[in-house]
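These notes concern the structure reproduced below.
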Amino acid sequence: MAKRQIDPNKPKIKLPIGHSYINVKNVVHKNNLHTICESGNCPNIHECWGAGTATFLILGDICTRSCRFCSVKTGKPNTPDINEPKKIAESVKLMKLKHCVITSVDRDDLKDGGSQIWADTITEIKKLNPNTTIETLIPDFKGDFKLLQTVIDAKPDVISHNLETVKRLTKQIRVQAKYDRSLSVLKYIASNGITAKSGIMLGLGETHEEILQTMNDLLTNNVSIITIGQYLQPTSNNIPVQKYYSEQEFNTLKNIGKEKGFKFIESSSLVRSSYHAEKHV
């Protein structure tokens, strides 16, 4: 039997341990909250939960879209919990978070795409935690600026929306999403005076030139923060990894991004959207 070949660039993921990790886990589960840390099988859960931080997933844990890179469940979501904003705010206070990140599944089944729950969550967090900064990682709301404005008016400190991949691969990887629509969402965010942030994954079959073009597209649309990380296949049902990038390659992209003009760039194999998010405010 042939020996299985292991790519030396494949990231090594640490196991979650420690008192802070257990504390965050208990708060999340006791309050029946969802986090993208668990639903998305994030490789940094040990570090973030160990530091007492978590990225909350609102509007349930069932998504109406079926992106090929994502391990979040797809199907018909449950009715939104109108008490969820208060639960999130109370948990942020209980965890004594100085910075929190909120994201959600896509809720294309709702007339407002879940935008009101988004706004209510931000408002409730601010009410109970006036000194806590907030980053929101939002869906595209199908490009409806009216719905987007509902979130913007709640005034989070940073609004992030991920391109996830290069233009050529968008239809294959994100299925219902559109590259140019995502760029228009990011541009609209920035035009309202809020810091716009985006992220991409590498290892899906993109070329170096396409990565650079994606950087240029983001900068052209006034995005000032970018995260670049390695795609890791979460389950056998998801699209397989085409390439594992070396840390040297990630560092090269980081330097290129700085030269191009990004105000902040995270580029490493295990980087995800909310990694070191507190530094991006």
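Considering only the stretch 159-196, state which residues are polar (S, T, N, Q) and farther than 20 Å from His208 by Cα. Walk me through it before giving the result.
Within the stretch 159-196, the first condition is being polar (S, T, N, Q), and the residues that meet it are 160, 162, 165, 170, 172, 176, 182, 184, 191-192, 195.
Passing the criteria: Ser160, Gln176, Ser182, Ser184, Ser191, Asn192, Thr195.
In the stretch 96-118, how many are within 12 Å of Phe141 (Cβ to Cβ) and not aromatic (Phe, Trp, Tyr)?
Step one: list which residues in the stretch 96-118 are within 12 Å of Phe141 (Cβ to Cβ), which gives 104, 106-108, 110-116, 118.
Narrowing further to those that are not aromatic (Phe, Trp, Tyr): 104, 106-108, 110-116.
Counting residues in the stretch 96-118 that are within 12 Å of Phe141 (Cβ to Cβ) and not aromatic (Phe, Trp, Tyr) gives 11.
Determine whether Leu183 is out of contact with any His (no Cβ under 6 Å at 6 or more places or on another chain), crowded, with 18+ Cβ neighbours inside 10 Å and in a helix (DSSP H, G or I). Full working, then the answer.
Numbers: out of contact with any His (no Cβ under 6 Å at 6 or more places or on another chain): yes; crowded, with 18+ Cβ neighbours inside 10 Å: yes; in a helix (DSSP H, G or I): yes.
Answer is yes for this residue.
Give, as residue ranges, the helices (runs of 4 or more DSSP H) completely inside the stretch 43-157 that count at least 1 residues that are farther than 29 Å from Asp180 by Cβ and modelled with pLDDT of 95 or more.
Working: elements: 45-50, 84-95, 115-128, 145-152.
Here the list reads 84-95, 115-128.
Quick check, is Thr133 in contact (Cβ under 8 Å) with a residue 60 or more places away in the chain, under 30 Å from Asn83 (Cα atoms) and among the hydroxyl-bearing types (Ser, Thr, Tyr)?
Values: in contact (Cβ under 8 Å) with a residue 60 or more places away in the chain: yes; under 30 Å from Asn83 (Cα atoms): yes; among the hydroxyl-bearing types (Ser, Thr, Tyr): yes.
Spelling it out, Thr133 is indeed in contact (Cβ under 8 Å) with a residue 60 or more places away in the chain, under 30 Å from Asn83 (Cα atoms) and among the hydroxyl-bearing types (Ser, Thr, Tyr).
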Among the candidates Ile228, Ile211, Ile256, which residue alone is closer than 20 Å to Pro139 by Cα and modelled with pLDDT of 95 or more?
Ile228
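Among the residues of the stretch 158-174, write down those that are of a type in the set (S, T, N, Q) and assigned to a helix (DSSP H, G or I).
Thr170, Gln172
Can we say Asn222 is in a loop (DSSP other than H, G, I, E, B), without any contact (Cβ under 8 Å) to a residue 60 or more places away in the chain and either of a type in the set (S, T, N, Q) or buried (at least 18 other Cβ atoms within 10 Å of the Cβ) (or both)? Working first, answer last.
Numbers: in a loop (DSSP other than H, G, I, E, B): yes; without any contact (Cβ under 8 Å) to a residue 60 or more places away in the chain: yes; either of a type in the set (S, T, N, Q) or buried (at least 18 other Cβ atoms within 10 Å of the Cβ) (or both): yes.
So Asn222 passes the test.
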Contact list, first residue from the stretch 61-81 and farther than 13 Å from Asp108 by Cα, second anywhere and assigned to a strand (DSSP E or B) and hydrophobic (A, V, I, L, M, F, W, C), beta-carbon distance below 7 Å, six or more apart or interchain, is Phe69/Met201; Val72/Cys63; Lys73/Ile62; Lys73/Cys63
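Could you count how many residues in the stretch 186-202 are in contact with a Phe, Trp or Tyr (Cβ under 6 Å, 6 or more places away or on another chain) and part of a loop (DSSP other than H, G, I, E, B)? Please lay out each step first, then the result.
Just the residues of the stretch 186-202 that are in contact with a Phe, Trp or Tyr (Cβ under 6 Å, 6 or more places away or on another chain), to begin with: 188, 201-202.
With part of a loop (DSSP other than H, G, I, E, B) added as a condition, the list becomes none.
Looking only at that region, the number is 0.
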Picking from Thr165, Thr121, the residue that is within 21 Å of Ile265 (Cβ to Cβ), β-branched (Val, Ile, Thr), touching a residue at least 12 places away in the same chain (Cβ under 8 Å) and buried (at least 24 other Cβ atoms within 10 Å of the Cβ) would be Thr165
Looking at this structure, is Glu84 surrounded by 20 or more Cβ atoms within 10 Å (Cβ to Cβ), farther than 28 Å from Ser191 by Cβ, touching a Ser or Thr at 6+ places or on another chain (Cβ under 8 Å) and not β-branched (Val, Ile, Thr)?
yes
Restrict the check to the stretch 150-158 and report whether at least one residue is closer than 16 Å to Thr103 by Cβ, buried (at least 20 other Cβ atoms within 10 Å of the Cβ) and among the charged types (D, E, K, R).
no
Ala177 meets each of (1) exposed (fewer than 15 other Cβ atoms within 10 Å of the Cβ); (2) assigned to a loop (DSSP other than H, G, I, E, B) with one exception, condition (1)
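The values are calculated or read from the model by the stated rules, or taken from the named source; none is laboratory data. Keep in mind that what you see is a predicted model, and the values were worked out from it rather than measured. We place every Cβ from the backbone using ideal geometry, glycine too, and count neighbours over all the protein chains shown.
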